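One structure is given below, encoded as structure tokens.
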Amino acid sequence: MEILIQTLVAGVLLGGVYALVSVGLNLLFGVVRVINFAHGEFVMIGMYIAFWLWAGLGLDPYVSLLIVAPAMFLLGVIFQRGIIQPIQGTSANMKIFVTVGISIILQNLALFLWGGQHRTVSTSYSTSVFNLGGVTISVGRLIAFIGALVLVAALFYIMNRTMTGTVLRAIAEDGPTAVLVGIPVKKFYFVATGISVMLAGVAGVMLTPFTSASPMFGFHMTLIAFIVVVIGGMGSMVGSLVGGVLLGAIETLAGTYISPALQQAVLFAIFIIVVLVRPQGLFGKGAGTEEVGLK
């Protein structure tokens with residue numbers, strides 16, 4: 001029982017970061033109507049920026065968020081302007097091909113610039129733990145989990161309590177009508193993509209104290225994010241939060257009680273079951289985009 005509780009706690013803490021990544025992916029899909037297969041690479045870029053700021057300037061990863069967050073938002077705006085906007089009116093397949101191509105380019109660019117070795121950040125809390133009721137909790141994972149929840153809550157607040165969020169929800173609900181009533185839709189596409197990429201980069205920073213950065217890490221995070229989004233429901237931000245925590249717990253349970261080598265297989269098995277039994281996901285309604293920011 002102690003091992004089970006320990007495993008569940010570790011999985012839930014990791015799942016909070018998965019939720020943060022997936023909420024950003026869901027936001028981009030809901031508002032801009034783009035399924036971004038390069039989303040995990042932005043997590044990887046955030047990790048590398050945090051690593052080099054730590055290695056070169058000695059900045060704590062969480063302090064480096066003051067630099068990483070605006071830098072990743074700007075990168076998202078550039079991504080929207082240079083990559084997404086020119087293909088905005090094309091088919092879904094074309095958008096998938098383009099984002100997959102961007103994913104491969106970013107992977108190989110990271111490999112070229114920084115090599116294939118794993119880069120690790122060492123801080124005072126990287127290996128620190130504390131005991132709570134007989135359960136050992138990693139300080140780094142706990143900080144990442146709390147930070148992820150705060151950011152997800154902030155995004156929920158923005159989407160439901162601000163004018164920007166209201167406009168983004170209107171675009172997600174009915175983009176053509178939003179254009180007809182005079183909403184500058186393209187301008188808000190920049191906002192949505194910037195937030196999406198920023199959340200991915202911030203999630204990468206939160207992972208660095210206990211996870212090493214590597215060029216292929218983004219591919220892993222893209223798979224995780226898509227599984228979370230499909231399980232939770234495409235377009236449902238609540239689904240992304242619940243799905244992320246659930247997937248983190250399942251991943252650690254599979255690694256502990258089955259085999260670390262079969263973790264991915266277990267995740268995909270659950271993914272297939274959900275698709276077959278409830279294609280719209282646990283919190284989806286079938287259409288997939290009508291819930292963005294509403295729940």
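When the Gaussian network model of the chain links Cα atoms closer than 10 Å, the mean-square fluctuations of Val31, Val21, Val191 top out at Val191. Computed from backbone phi, the HN-Hα couplings of region 56-61 come to x, 10, x, 6, 4, x Hz, rounded to whole numbers (Karplus: 6.51 cos²θ - 1.76 cosθ + 1.60, θ = phi - 60°; Gly and Pro given as x). Here the Kirkwood formula, the inverse mean of 1/r across different C-alpha pairs, assigns region 12-74 a hydrodynamic radius of 12.9 Å. In plain terms, the chain from Thr127 to Ile104 could stretch by 5.0 nm, reckoned as 0.36 nm per residue minus the Cα-Cα distance.
Each residue of region 142-157 is assigned a 3J(HN,Hα), and the resulting list reads 5, 4, 4, 5, 5, x, 5, 4, 4, 5, 5, 4, 5, 5, 4, 5 Hz, derived from the Karplus form 6.51 cos²θ - 1.76 cosθ + 1.60 (θ = phi - 60°), x at Gly and Pro.
The charge dipole of the chain, taken about its Cα centre with unit charges on the Cβ atoms of Lys, Arg (+1), Asp and Glu (-1) only, comes to about 460 debye.
Once you've got the GNM for the chain with C-alpha springs shorter than 10 Å, pick whichever of Val275, Val197, Val68 has the biggest mean-square fluctuation. Result for the chain, Cα springs under 10 Å: Val275 fluctuates most. Taking the inverse of the mean 1/r over every pair of distinct Cα atoms in region 1-145 gives a Kirkwood hydrodynamic radius of 17.5 Å.
Highest GNM mean-square fluctuation among Met237, Met159, Met47, for the chain modelled with Cα contacts below 10 Å: Met159.
The value of relative contact order for region 183-295, using C-alpha pairs under 8 Å at least six residues apart, is 29 percent.
Residue-wise HN-Hα couplings along region 94-100, as the Karplus relation 6.51 cos²θ - 1.76 cosθ + 1.60 with θ = phi - 60° gives them from phi, are 4, 5, 5, 4, 5, 5, 5 Hz; Gly and Pro carry x.
For Val135 and Trp114, what does the FRET efficiency come to when R0 = 51 Å and r is the distance between their Cβ atoms, rounded to the nearest 0.05? Calculated transfer efficiency: 0.90.
Consider the candidate values (i) 58, 46, 35; (ii) 71, 66, 29; (iii) 54, 46, 38; state which one is Cα extents along the principal axes in Å computed from the structure displayed. It is the one labelled (i). Over the C-alpha atoms of region 168-248, the Rg to Rh ratio, Rh being the Kirkwood estimate, stands at 1.07.
Using a simple spin-label model with pseudo-atoms 7 Å out from Cα toward Cβ, Ala269 and Thr166 lie 4.9 nm apart.
Rolling a 1.4 Å probe over the protein heavy atoms of region 1-152, with every protein chain left in place, gives an accessible area that is 73 percent carbon and sulfur.
Counting only protein heavy atoms and a 1.4 Å probe, the chain has 43 square angstrom of accessible area per residue.
The values are calculated or read from the model by the stated rules, or taken from the named source; none is laboratory data. Bear in mind the structure is a predicted one, so any value in this text is a computation, not a measurement. Cβ sites come from the backbone with ideal geometry, for glycine too, and all protein chains shown count toward neighbours. All accessible areas refer to the heavy atoms of the entire protein, side chains included, with ligands and DNA or RNA removed. Shrake-Rupley method; radii C 1.70, N 1.55, O 1.52, S 1.80 Å.
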